[in-house]
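Every number in this text was worked out from the coordinates using simple rules, so none of it is lab data. Fair warning: this is a prediction, and the values are worked out from it, not measured in the lab.
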Amino acid sequence: MQTKQLGNIGEAKTLWKFVSLNVPVYVPFGDNEKADLVAEFGGKLNKIQIKTSESVKDGKFEVSLKSSTIHNGVCHYHTYSKKEIDYFAIYNLESDILMLVPISELENRTSITISISYTPSRNQFKSFNWKEYTFEKVISSAETLHEASLQKDEEKVQTTTDNSGHGNME
């Protein structure tokens with residue numbers, strides 16, 4: 001399968017997943033943006049870069065986390081940063097595994113290997129149990145953090161109003 005076709009399948013699967021969870025999704029115009037989609041959850045617009053792999057070998061699949069472009073016959077590689085994206089959506093076609101991973105956990109990495117049956121890593125990188133990065137879990141966690149933040153802000157406003165003597169309606 002051609003790389004572009006594989007990428008299109010990953011984008012369609014990711015878009016479908018967000019829509020099925022009632023998460024608003026926006027698609028950037030053109031093909032030169034760092035994010036493939038923008039999804040609204042956790043109280044903000046999140047930039048999503050989608051990476052797709054095709055096969056599973058020995059119970060594992062590897063996904064490249066970089067982009068490549070050819071300019072004047074020279075291949076250039078790019079790794080993503082927190083300034084460019086918020087999450088990677090990672091999809092494997094053969095296993096039908098779809099994950100949503102914060103960039104903070106993968107920043108400056110060029111690839112990730114996922115074991116379908118989780119086993120802790122023995123190398124320098126953190127092990128990824130894909131079941132901890134389902135869209136449902138990651139979005140729910142982001143929503144919980146957002147609600148806690150809103151509650152703190154509300155408590156600050158209430159304390160400030162009570163202490164100033166203004167705004168108390170008795």
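Shape call for the range 1-99 from the C-alpha gyration tensor, a ≥ b ≥ c root eigenvalues: rounded (a/c under 1.5), prolate (a/b greater than b/c) or oblate? Kindly include the intermediate steps, with their values, before the conclusion.
Values: a/c = 1.79, a/b = 1.12, b/c = 1.60.
Verdict is oblate for the range 1-99.
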**Request:** Tabulate in residue order the Karplus-calculated ³J(HN,Hα) for the range 132-141, using 6.51 cos²θ - 1.76 cosθ + 1.60 with θ = phi - 60°, rounded to whole Hz; enter x for Gly and Pro.
**Result:** 7, 10, 5, 4, 4, 5, 5, 5, 4, 5
**Prompt:** Among the lysines, which have Cα under 24 Å from the Cα of Lys4 when same-chain residues fewer than 8 positions away are ignored?
**Reply:** Lys13, Lys17, Lys34, Lys47, Lys51, Lys57, Lys60, Lys66
